[in-house]
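A short worksheet on the structure shown next.
Where a number appears in this text, it was derived from the coordinates with a stated rule and is not lab data. What you see is a predicted model; the values in this text were computed from it and never measured. Because the Cβ atoms are built from the backbone with ideal geometry, glycine has one as well, and the counts that use them run over all protein chains shown.
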Amino acid sequence: MLKTTPLNAAHRAMNAKMVDFGGWDMPLHYGSQLDEHHIVRRDAGMFDVSHMLAVDMRGENVRQFLRGLVANNVDKLTVPGKALYTCMLNPAGGIIDDLIIYFLSESWFRLVVNAGTADKDIDWITSQAHQLAPDLTITPRRDLAMIAVQGPNARAKVWAVIPGSQVVTENLKPFQSVELGDYFIARTGYTGEDGFEITLPAGQAADFWQKLHAAGVAPAGLGARDTLRLEAGMNLYGQDMSETVGPLESGLAWTVDLKSERDFIGKQALQAQPVSQQLAGLVLLDKGVLRSHQKVIARQGEGEITSGGFSPTMNQSIALARIPVGVAAGDQVHVVVRDKQLAAKVVKYPFVRNGQVLV
Amino acid sequence: MSVPAELKYTESHEWVRLEADGSVTVGITQHAQELLGDMVFVQLPDVGRTLAQREDCAVVESVKAASDIYAPVGGEVIAANTDVESSPEKINEDCYAAWLFRLKPASADEIGGLLDAGGYQKLLDSEAH
């Protein structure tokens, strides 16, 4: 039996092609994945991301607990509403999950974790808290829905739908959030475009979805979400990183704070391991489509595509690949596609941001 | 689901049209097109290449996945539709107009073994359940 979000009926009413996504019955597209991709780059689209899980952590020592739990440093969170992207590592330095942490007050932080890893994450966090901070309360919020509204016109269209939202959100910077009644509005996303991720009570989600639609926000499925995040150079857990690969080999060194005195789970392992691989961008020079698990051949050694696909914005194939550290942007490599070796150029990603091609 | 009565079909979701000159035209069915979604890349066999029946000879790739195309019957490739190579989306627009390649069959026997529209419809019905 597949799990469903509060918007399941709304997707079906909009003729979504539904797929099993890690045990969740989710919309792949509503007719054309390409059209949905372009609408997000050019106007505004909305994604049901209610399969992801918000986890509220409350208690006096929550910040201290999070200092040791995750690889980024929650002490960067000084203003309530501010959000931080981070990895949660195991003691070997592998990635249990990537998540966003919202600082709401000194006694209340909210984590948003991936759908496929949610149960594992809760188990891990609970077991760590049991040892280190037994007075914390950890509450998975399956009573909430999450809708991402993304695109250059996304914020204005949300303002038209939620009364009073413009005045409290127009000065939010990226990775800031605010509560407005039942709505929790964050200027975050997974597309490389401006917009909001809005958390609200599950019972209000379908009505809000319809109002956004009436305001000219197009529904977009997981297919477009994947091509948009790939163009934006954003990692996908389970593809570009996993429990057996660390953040330093996954293009996420910027999210790991090794400078402070603070200890965190996985720190020792990261400091002890030499880094021999890096995550890099590839742009295919020949015709074809790059896909995950294809072999990459460079002068310095071999690597593998972790996420590949067709970039609708660039009209050519792009990929993220884990390759030897010596390979530099501008180098040419080869990718084994079926019986051929196709030429690809190594680039610094993101490929696309705010509608503009950067490579 | 559109399954034109005048065409023949394969279990791997190619359609086959018997032409007046004895050649056959090959494409992918509406069912295959819908499963794959927006097409972004097509690679066709070279004209002059001789194919065995069920030999994988072409590739169509959508935003979602790559799919091999198999020769419905053995024979020589006498034409490839370069139009769909440059505009793969034509397969989504009308998969029965956007043919992929033409073959000169090596033997008539293999044509007789293809599914007719009724047989293909039954296959689709069974896959749906």
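With each pseudo-label sitting 7 Å past Cα toward Cβ, what's the B:Ala5-A:Arg262 distance in nm, one decimal?
Taking the two extended label points, one gets 7.2 nm.
Ranked by Cβ crowding within 10 angstrom, fewest neighbours first, how are A:Asp97, B:Asp109 ordered?
Ordered by Cβ neighbours within 10 Å, fewest first: B:Asp109, A:Asp97.
Using 0.36 nm times the number of residues separating A:Ser242 and A:Lys348, minus their current alpha carbon distance, what extension gain do you get?
Difference between extended and current length: 36.0 nm.
Dipole magnitude of the stretch A:276-357 about its Cα centre, charges +1 at Lys/Arg Cβ and -1 at Asp/Glu Cβ only, in debye to the nearest 20?
With only Lys, Arg, Asp and Glu charged at Cβ, the dipole is about 100 debye.
How far apart, in nanometres, would the label points at B:Asp125 and A:Val79 be if each is projected 7 angstrom from Cα along the Cα-to-Cβ direction?
The modelled label-to-label distance comes out at 6.5 nm.
Contour minus end-to-end for A:Thr137 and A:Arg299, with contour as 0.36 nm per residue of separation and end-to-end as the Cα-Cα distance?
Fully extending the segment from A:Thr137 to A:Arg299 adds 53.1 nm.
With 26 Å as the limit, write out which pairs from A:Lys173/A:Lys267; A:Lys17/A:Lys348; A:Lys120/A:Lys211; A:Lys82/A:Lys157; A:Lys345/B:Lys64; A:Lys287/B:Lys104 have Cα-Cα distances beyond it, or answer none.
A:Lys173/A:Lys267; A:Lys17/A:Lys348; A:Lys120/A:Lys211; A:Lys287/B:Lys104
Give the dimensionless ratio obtained when the Cα radius of gyration of chain A is divided by 2.2 N^0.38 Å.
0.99
First check a/c for the stretch A:276-357, with a ≥ b ≥ c the square roots of the eigenvalues of its C-alpha gyration tensor; if it is under 1.5, answer rounded, and if not, answer prolate when a/b is larger than b/c or oblate otherwise.
Taking the square roots of the gyration eigenvalues as a ≥ b ≥ c, the stretch A:276-357 is oblate.
Taking +1 at the Cβ of each Lys and Arg and -1 at the Cβ of each Asp and Glu, which of A:Val336, A:Pro140, A:Gly223 sits farthest along the dipole of the protein assembly as shown towards its positive end, judged by Cα position relative to the Cα centre?
Checked the options; the winner is A:Pro140.
What full-extension length gain, to one decimal in nm, is calculated for A:Val325 and A:Ser127 as 0.36 nm per residue of separation minus the Cα-Cα distance?
Between A:Val325 and A:Ser127, full extension yields 67.7 nm more.
Using unit Cβ charges (K, R positive; D, E negative) and no other charged atoms, how large, in debye to the nearest 20, is the dipole of the protein assembly as shown about its Cα centre?
Value, rounded to 20: 1400 debye.
Compute the distance from the alpha-carbon center of the stretch B:1-56 to that of the stretch A:282-310, in whole Å.
The stretch B:1-56 and the stretch A:282-310 have Cα centres separated by 29 Å.
Starting from the Cα gyration tensor of the stretch A:216-359, take the square roots of the eigenvalues, sort them a ≥ b ≥ c, and report rounded, prolate or oblate (rounded when a/c is under 1.5, otherwise prolate if a/b is larger than b/c, else oblate).
Oblate shape, in that a/c is at least 1.5 and b/c is the bigger or equal ratio.
Per DSSP H run of at least 4 residues, take -39500 (n - 2.57); add these up for chain A, divide by its residues and hand me the 222 nm value, nearest 500 deg cm²/dmol.
Result for chain A: -6500 deg cm²/dmol, rounded to the nearest 500.
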